[in-house]
Amino acid sequence: MVIKVEKWVRLGERSYPLYVTCGDLDRLGETMAQFVRVSRWVVVTQRSIPPSFRRSFEKGLKRKAKVLAPLYIPNGERFKTVQTASRLYGQLAKARVERGDGLVALGGGVVGDLTGFVASTYLRGVPYVQIPTTLLAQVDSSIGGKTGVDLPVGKNLVGTFAQPRAVGIDVAALLSLPEREFRSGLAEVVKYGVIGELGFLGWLEAHRREIVRRDLSKLRHMVEVCAGFKSRVVGLDERETKGIRSILNFGHTLGHAMEVAGGYQRYRHGEAISMGMIFALRLGEALGITSRATLPRVSLLLKGFGLPIDPPRVSWSAIERALRLDKKIRDGKLRMLLAKRVGEVKVIPISFSSVRKEWNFWTGE
Ligand SMILES: NC(=O)c1ccc[n+]([C@@H]2O[C@H](COP(=O)([O-])OP(=O)(O)OC[C@H]3O[C@@H](n4cnc5c(N)ncnc54)[C@H](O)[C@@H]3O)[C@@H](O)[C@H]2O)c1
Ligand SMILES: [Zn+2]
């Protein structure tokens, strides 16, 4: 079977293909190697990712190009660092990887962000492709060209905008994903349903059980819709300068503060975003911006996906401390995304006292 381009990510003059397939990593490798011409490929991955993924993908690549030995990075956000990048630079140099060679990021968001960062800086840039294997990476992090590493003082503080040459998604990779990772990724999926993809929230509601069961045909449609939506948004506002790409941050202002307050240990990203979206909808309702029907609908769906919708056990002071470091503060006000209704969100400047009031109301603090 031939793998066709599902969507093109269009960025002005440039564009790159987004392939979506199911259980066909071998063919995906061949298709991508045919499209992106390099002399040799190096796959960057993790040992916690099923080795069969790498073997199948490399088998496909090998029909069109040479493949060097894979490079492994350690598992976990705490290794998304300059040190790990530096080790990769050393390994690439030792293997004599040149500008005409390419990297493959095979894994979740950690592998993707780190590999993209290394690819965009090693030898001032070598081509790379993304093969996302977590739900979060398939619907979000692999598309859009944001790369980077964390610093001890904060996440994603060093990075580049560097688009991959292609993104290849095999939804069957989601079958081996630990339950908590899978559910966490569903929070971003619900986010797309709230911010804009018309009719998508209803589709998620109608197929909730099959999605939780990981029915592959449903997962495929779901990933196609989300990845397609993200690529359109990125195409309109590649560098987040036009206020369009920022709609992807729905639920992220409070969600991110909860992640920070929990020391990045207590909640997975998606769990925090689930609670962050609930908070944004409650706040919007309290301010008379969000239509009444929205919160119950979104809460029910998040809950059905096994995501947290009740307030976290985090103090206001910890939340406020994190919020004060938010990049989106202007004139002492938080610029938060609120939903008017499903499919319509806008940025609204909000005082800390309004946020606090709703926080106290929600948490009973
Ligand atoms: N660049 C962006 O635009 C962007 C957007 C959102 C998030 N991110 C970044 O993404 C990162 C989080 O990504 P993540 O949630 O994918 O976490 P992750 O990359 O740590 O992956 C989660 C775990 O799943 C394992 N895994 C991956 N695929 C698997 C599979 N198919 N089967 C079994 N195990 C598998 C991984 O080895 C890891 O242990 C964060 O660093 C975040 O900053 C980036
Ligand atoms: Zn997110």
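The values are calculated or read from the model by the stated rules, or taken from the named source; none is laboratory data. It should be emphasised that the depicted structure is a prediction, and the values quoted were computed from it without experimental measurement. No Cβ is skipped: glycine too gets one built from the backbone with ideal geometry, and neighbour counts run over all protein chains shown. All accessible areas refer to the heavy atoms of the entire protein, side chains included, with ligands and DNA or RNA removed. Shrake-Rupley method; radii C 1.70, N 1.55, O 1.52, S 1.80 Å.
Structural remarks
- Of all DSSP beta bridges in the stretch 5-176, antiparallel share, percent nearest 5: 35 percent
- When you count the other C-beta atoms within 10 angstrom of each residue and take the mean per peptide, 317-323, 332-338 line up highest first as 332-338, 317-323.
- Along each principal axis, taking the top coordinate minus the bottom one, the Cα set of the stretch 49-198 gives 46, 41, 26 Å in descending order.
- Virtual paramagnetic centre 7 Å along Cα→Cβ of CYS22, amide N under 14 Å, in the stretch 182-212: 210-212
- A Stokes-Einstein calculation at 20 °C with viscosity 1.002 mPa s, built on the Kirkwood radius of the chain over Cα pairs, returns a diffusion coefficient of 102 µm²/s.
- Protection proxy ranking of 306-312, 82-88, by the mean of other Cβ atoms within 10 Å over each peptide's residues and highest first, is 306-312, 82-88.
- Shape category assigned to the stretch 208-264 from the gyration tensor of Cα positions, a/c cut at 1.5: oblate
- Rel. contact order, % - alpha carbon contacts under 8 angstrom, at least six apart, the stretch 184-302: 29 percent
- Rounded to 5, the percent of DSSP beta bridges in the chain classed as antiparallel: 50 percent
- Computed from Cα positions, the angle between helix 109-121 and the longest principal axis of the chain comes to roughly 60 degrees.
- The stretch between ARG37 and ARG55 holds 4.5 nm of extra length on full extension. This uses 0.36 nm per residue minus the Cα-Cα distance.
- Computed over the stretch 30-171, relative contact order equals 23 percent, with contacts defined as Cα pairs under 8 Å that lie 6+ residues apart.
- In the full protein context, the chain carries 44 Å² of accessible surface per residue, based on a 1.4 Å probe and ignoring ligands, DNA and RNA.
- Centroid-to-centroid separation of the stretch 285-330 and the stretch 340-365 [C-alpha atoms, Å]: 7 Å
- Contact order for the chain, expressed relative to its length and based on alpha carbon pairs under 8 Å spaced 6+ residues apart, stands at 14 percent.
- Stretching ARG209 away from LYS328 to a fully extended chain increases their span by 39.2 nm, per 0.36 nm per residue minus the current alpha-carbon distance.
- Our note on the geometry: Cα centres of the stretch 78-100 and the stretch 179-258, 32 Å apart.
- Angle between the chain longest axis and helix 352-363 axis [Cα atoms, degrees, rounded to 10]: 90 degrees
- Extent along principal axes [Cα atoms of the stretch 178-365; Å; largest to smallest]: 46, 35, 31
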